[in-house]
């Protein structure tokens, strides 16, 4: 293979990459390329020509080495292209793996920054880490049958709520039977990227609740939630 032929192959490959990039950006397809776009294409073409000339100078008289180097670089660029193209899928795999390794850890979905995916836990329950009033996030059970967000005594204290001054005068049904709770207003409730402010909630008496419940006073603030593929998806309001 002659040096001239190799140069044309390199320039053709770079030109094709530029053309594909332009088409993927809908510039050519939509007929919306402006002067700036054409200037960018011209600059890239000139850069490709200079790069090709430099490569030919480095490998003058060594066409075989030049071909091997070109193939190696094309393979590297192809690999990086695949990683970039499927970056959201790789990110989702990593987050799901983290969610399975750390119970109660929510994972942001790939369809939007305000979507949270929760893996199903033992017994078919869905546990997610929730931060209340900016405190360290703690696991809560998502309970679509609970009319309110209910905090256990320990989680309420962790959130800085003065539990000892509350009036426990509201009867609620729990897994342990009937219990008394106190009504409060939470400044902020965070589940991953989903944030709700001024959320009505209840605080259960000490020892009345083993785990806090994420009920409808929070769930009703969402755009929606659903269970699919063994996972619960929460979609935050825009």
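The values are calculated or read from the model by the stated rules, or taken from the named source; none is laboratory data. Please read these numbers as outputs of a predicted model, since none were measured by experiment. Please note: Cβ atoms are built from the backbone with ideal geometry, for glycine as well, and neighbour counts cover all protein chains shown.
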Problem set entry | Residue that is surrounded by the fewest Cβ atoms within 10 Å (Cβ to Cβ), among those in the range 201-213 that are touching a strand residue (DSSP E or B) at 6+ places or on another chain (Cβ under 7 Å) and assigned to a loop (DSSP other than H, G, I, E, B) | 205
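Hey, can you tell me all the residues within the range 214-226 that are over 18 Å from the mean Cα position of the chain (by Cα) and either more than 25 Å from residue 152 (Cα to Cα) or part of a strand (DSSP E or B) (or both)?
Of the residues in the range 214-226, the ones over 18 Å from the mean Cα position of the chain (by Cα) are 214-221.
Matches in the range 214-226: 214 only.
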For this session: With respect to residue 159, determine if the residue is at pLDDT 85 or above and within 28 Å of residue 237 (Cα to Cα).
Result: yes
For this session: Please go through the range 132-172 and pick out each residue that is loosely packed, with under 15 Cβ neighbours inside 10 Å and more than 23 Å from residue 221 (Cβ to Cβ).
Result: 162, 164, 165, 167, 169, 171
For this session: Output the residues belonging to the range 173-193 that are at pLDDT below 90 and either surrounded by 14 or more Cβ atoms within 10 Å (Cβ to Cβ) or assigned to a strand (DSSP E or B) (or both).
Result: 173, 174, 177, 178, 179, 180, 192, 193
Seminar exercise, completed: Out of (1) within 20 Å of residue 119 (Cβ to Cβ); (2) in a strand (DSSP E or B); (3) modelled with pLDDT of 90 or more, the one residue 233 does not meet is (3)
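For the structure I just gave you, tell me whether residue 196 is at pLDDT below 95, assigned to a strand (DSSP E or B), surrounded by 16 or more Cβ atoms within 10 Å (Cβ to Cβ) and within 35 Å of the chain's Cα centre (by Cα). Lay out the reasoning, then the answer.
Working: at pLDDT below 95: yes; assigned to a strand (DSSP E or B): yes; surrounded by 16 or more Cβ atoms within 10 Å (Cβ to Cβ): yes; within 35 Å of the chain's Cα centre (by Cα): yes.
Yes: the conditions hold for residue 196.
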